[in-house]
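Chemist: If you scroll down you'll find the structure; I have some questions about it.
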């Protein structure tokens with residue numbers, strides 16, 4: 001477990017475990033994601049990482065350890081993992097939670113001998129995330145592409161389809177001091 005101090009208050013970044021079900025459920029309110037992630041984490045396919053303040057999950061991200069072959073053309077043959085689903089609750093934004101989560105993923109990658117960390121980001125819907133990734137050294141490697149379409153229901157109960165247009169970004173990781 002890693003304990004970090006943000007601008008305020010004390011925050012712990014660690015892997016989310018099955019006993020964190022209620023704490024993690026509060027961030028998304030979709031319990032099915034939790035069960036799937038716990039199964040995939042147990043199988044060694046992902047690491048589901050959370051930021052905890054006072055035993056509550058205030059942010060999370062998924063480190064995908066397999067199934068990221070789409071980034072192979074950009075990794076010079078090096079091993080690659082991917083960050084997915086970074087989310088920080090509104091009340092905890094702006095104090096370094098997102099940065100700490102991404103830095104934790106980088107440390108986990110280096111510990112596993114993974115040389116590259118990749119991700120997709122929607123540049124129009126996620127401008128804050130895009131700026132975070134640029135600040136952390138991620139570079140755009142693929143043009144805008146349709147990442148997926150999703151059935152969604154708005155706050156008034158109206159169904160619609162959301163198209164997620166993303167760019168691919170990759171960062172070459174290097175151990176501290178190099």
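Nothing in this text is a laboratory measurement; each read-out follows from the coordinates by a stated rule. Bear in mind that the values here come from a model prediction, so they are computed numbers and not experimental data. All Cβ positions, glycine included, derive from the backbone under ideal geometry; neighbour counts span all protein chains shown.
Chemist: Mean separation of Cα pairs under 8 Å and 6+ residues apart, divided by the residue count of the chain: what relative contact order is that in percent?
Modeler: 17
Chemist: So for the pair residue 142, residue 122, with labels modelled 7 Å out along Cα→Cβ, what separation do we get in nm?
Modeler: Between residue 142 and residue 122, the label points sit 1.7 nm apart.
Chemist: If you build a Gaussian network model of the chain, linking Cα atoms that sit under 10 Å apart, which residue out of 139, 90, 47 swings the most?
Modeler: 90
Chemist: Kindly provide the helix-only [θ] at 222 nm of the chain, computed as the sum of -39,500 (n - 2.57) over DSSP H runs of four or more divided by all residues, to the nearest 500 deg cm²/dmol?
Modeler: -7500 deg cm²/dmol
Chemist: Diagonalise the Cα gyration tensor of the chain and give the resulting equivalent ellipsoid semi-axes, square root of 5 times each eigenvalue, largest first, whole Å.
Modeler: They are 24, 22, 17 Å, listed largest first.
Chemist: List 132, 86 from most exposed to least, where exposure is judged by having the fewest other Cβ atoms within 10 Å.
Modeler: 132, 86
Chemist: State the volume of the convex hull built on the alpha-carbon positions of region 46-130, expressed per residue in Å³ and rounded to an integer.
Modeler: Enclosed volume per residue, from the Cα hull, is 97 Å³.
Chemist: Which number do you get for Rg(Cα) / (2.2 N^0.38 Å) in region 120-178?
Modeler: For region 120-178, the normalised Cα radius of gyration is 1.48.
Chemist: Within a 10 angstrom radius of the beta carbon, how do 161, 27 rank from fewest other beta carbons to most?
Modeler: 161, 27
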